[in-house]
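A.B. asks: The structure's right below; bear with me while I get my questions together.
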Amino acid sequence: MLRTRLIPSLLLKKGRCIKTVQFDAERDTGDPVTSSRIYDAQGADELLFLDITASEEDRSILVDIIQKVSEQCFMPLTVGGGIKNVEDIRRLLKLGTDKVAVCTSFVENPDFINDASMIFGKSTIIGIIAYKNINGRNVPFINGRRTQTDLEVLSWAKEMEQRGIGELFLYSIDRDGMMDGYDIQLIKQVNTALAIPVIACGGAGKLSDIIDVVKESGISAVSAASIFHFTDQNLIKTRAHMKNQGLNVRSV
């Protein structure tokens with residue numbers, strides 16, 4: 001049985017952690033360095049930072065925050081937002097980032113996927129698909145969910161895999177912050193179609209949501225945020241429950 005990774009995700013805006021509901025209705029959830037220390041102490045398998053306005057504002061990611069986190073925490077760190085070229089990736093890796101996650105720039109320049117994978121290796125490159133269901137069609141969005149593309153989730157996921165991403169981060173905008181369960185049907189469809197790991201995000205409100213998406217879709221990595229901010233659950237409780245439900249999780 002594959003080991004299931006538990007990956008908290010932190011959304012960054014203007015140097016603070018925020019939580020959104022369908023990428024709107026922002027709530028401040030604290031200092032990113034402090035939040036990272038807590039997740040590190042609780043034994044997160046990895047941590048994902050997404051600077052959600054970097055692409056929209058046409059700026060680089062907040063490197064000072066990333067440097068502080070990488071210096072003070074020991075879990076693997078993935079960073080996304082505002083990554084435009086291989087030099088941006090190289091800069092983040094030098095700061096201590098383990099992987100980079102890219103959404104907008106991959107859509108605008110798909111050849112960037114090939115270049116990044118060739119230079120840094122597939123294991124370093126994560127493709128992000130942030131999507132909404134529009135009239136029954138699952139449509140990727142870019143620029144912090146503000147720009148609709150003419151792509152379709154499954155076909156774009158397959159193309160990114162062919163071009164060289166090592167993992168896919170699948171983020172449901174419709175379920176973001178709603179805390180009513182993951183989009184299991186689509187997650188299973190994408191996971192079945194790809195040979196690379198799929199990380200599902202968007203919808204966890206109770207521990208059973210995490211169990212259900214792993215067991216029903218077959219994914220080996222699950223990400224969450226609201227459940228850790230707005231309920232009494234934490235990574236320690238979550239991992240213990242996953243283990244009790246028969247999932248293979250890392251011992252801490």
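A.B. asks: Restricting region 21-47 to residues that are of a type in the set (A, V, I, L, M, F, W, C) and at pLDDT below 75, which is surrounded by the fewest Cβ atoms within 10 Å (Cβ to Cβ)?
C.D. replies: The first filter runs over region 21-47 and keeps only residues of a type in the set (A, V, I, L, M, F, W, C), leaving 21, 23, 25, 33, 38, 41, 44, 47.
Still in the list and also at pLDDT below 75: 21, 23, 25.
On the way: VAL21: 14, PHE23: 19, ALA25: 11.
Within region 21-47, the match that is surrounded by the fewest Cβ atoms within 10 Å (Cβ to Cβ) is ALA25.
A.B. asks: Ok, one more. Within region 69-85, identify whether any single residue is part of a loop (DSSP other than H, G, I, E, B), farther than 30 Å from ILE38 by Cβ and either of a type in the set (Val, Ile, Thr) or out of contact with any helix residue (DSSP H, G or I) (no Cβ under 8 Å at 6 or more places or on another chain) (or both), and answer yes or no. Quick ask: steps written out before the conclusion?
C.D. replies: Taking region 69-85 as the starting set, the residues that turn out to be part of a loop (DSSP other than H, G, I, E, B) are 73-76, 81-85.
With farther than 30 Å from ILE38 by Cβ added as a condition, the list becomes 84-85.
Retained after the next criterion (residues that are either of a type in the set (Val, Ile, Thr) or out of contact with any helix residue (DSSP H, G or I) (no Cβ under 8 Å at 6 or more places or on another chain) (or both)): none.
Checked against the condition, which is being part of a loop (DSSP other than H, G, I, E, B), farther than 30 Å from ILE38 by Cβ and either of a type in the set (Val, Ile, Thr) or out of contact with any helix residue (DSSP H, G or I) (no Cβ under 8 Å at 6 or more places or on another chain) (or both), region 69-85 yields no hits at all.
A.B. asks: Would you point out which residue out of ASN114, ASN143 is closer than 20 Å to ILE89 by Cβ, surrounded by 18 or more Cβ atoms within 10 Å (Cβ to Cβ) and out of contact with any strand residue (DSSP E or B) (no Cβ under 9 Å at 6 or more places or on another chain)?
C.D. replies: Details: ASN114 fails: surrounded by 18 or more Cβ atoms within 10 Å (Cβ to Cβ).
Of ASN114, ASN143, the one residue that is closer than 20 Å to ILE89 by Cβ, surrounded by 18 or more Cβ atoms within 10 Å (Cβ to Cβ) and out of contact with any strand residue (DSSP E or B) (no Cβ under 9 Å at 6 or more places or on another chain) is ASN143.
A.B. asks: Still on this structure, please answer the following. Which condition does ARG175 not pass, out of (1) surrounded by fewer than 20 Cβ atoms within 10 Å (Cβ to Cβ); (2) in contact (Cβ under 8 Å) with a residue 24 or more places away in the chain; (3) basic (Lys, Arg), if it passes all the others?
C.D. replies: (1)
A.B. asks: Failed condition for SER155, given (1) touching a helix residue (DSSP H, G or I) at 6+ places or on another chain (Cβ under 6 Å); (2) at pLDDT 95 or above, with all others met?
C.D. replies: It is condition (1) that SER155 fails.
A.B. asks: Follow-up question, since we're still on this one. Just a yes or no: is a residue in region 152-164 of a type in the set (Lys, Arg), surrounded by fewer than 17 Cβ atoms within 10 Å (Cβ to Cβ), under 22 Å from LEU247 (Cα atoms) and in contact with a Leu (Cβ under 8 Å, 6 or more places away or on another chain)? Steps first, please.
C.D. replies: The initial filter retains those residues of region 152-164 that are of a type in the set (Lys, Arg), namely 158, 163.
Now narrow it down to the ones that are surrounded by fewer than 17 Cβ atoms within 10 Å (Cβ to Cβ): 158.
Within this subset, residues satisfying the condition of being under 22 Å from LEU247 (Cα atoms) are none.
Looking through region 152-164, none of the residues is of a type in the set (Lys, Arg), surrounded by fewer than 17 Cβ atoms within 10 Å (Cβ to Cβ), under 22 Å from LEU247 (Cα atoms) and in contact with a Leu (Cβ under 8 Å, 6 or more places away or on another chain).
A.B. asks: I'd like to check something: does region 194-203 contain any residue that is part of a helix (DSSP H, G or I) and touching a residue at least 12 places away in the same chain (Cβ under 8 Å)?
C.D. replies: Step one: filter region 194-203 for residues part of a helix (DSSP H, G or I), giving none.
Checked region 194-203: no residue is part of a helix (DSSP H, G or I) and touching a residue at least 12 places away in the same chain (Cβ under 8 Å).
A.B. asks: While we're looking at this one, here's another question. Take region 109-146 and flag every residue that is touching a residue at least 24 places away in the same chain (Cβ under 8 Å) and of a type in the set (Val, Ile, Thr).
C.D. replies: ILE113, ILE119, THR124, ILE125, ILE126, ILE128, ILE129, ILE142
For every residue, the table says whether it meets (1) over 21 Å from GLY202 (Cβ atoms); (2) modelled with pLDDT under 95; (3) exposed (fewer than 15 other Cβ atoms within 10 Å of the Cβ).
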{"site": "LYS13", "(1), (2), (3)": "no, yes, no"}
{"site": "PHE49", "(1), (2), (3)": "no, yes, no"}
{"site": "LYS94", "(1), (2), (3)": "yes, yes, yes"}
{"site": "VAL102", "(1), (2), (3)": "no, no, no"}
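A.B. asks: Then there is this: Can you tell me how many residues within region 99-108 are within 18 Å of the chain's Cα centre (by Cα) and without any contact (Cβ under 8 Å) to a residue 40 or more places away in the chain?
C.D. replies: First pass over region 99-108, keeping only residues within 18 Å of the chain's Cα centre (by Cα): 99-107.
Then keep just the ones that are without any contact (Cβ under 8 Å) to a residue 40 or more places away in the chain; that gives 100, 102.
Adding up the residues that qualify gives 2.
The values are calculated or read from the model by the stated rules, or taken from the named source; none is laboratory data. No experiment lies behind these values; they were computed from the predicted model shown. Glycine also receives a Cβ, built like all others from the backbone with ideal geometry; neighbour counts cover every protein chain displayed.
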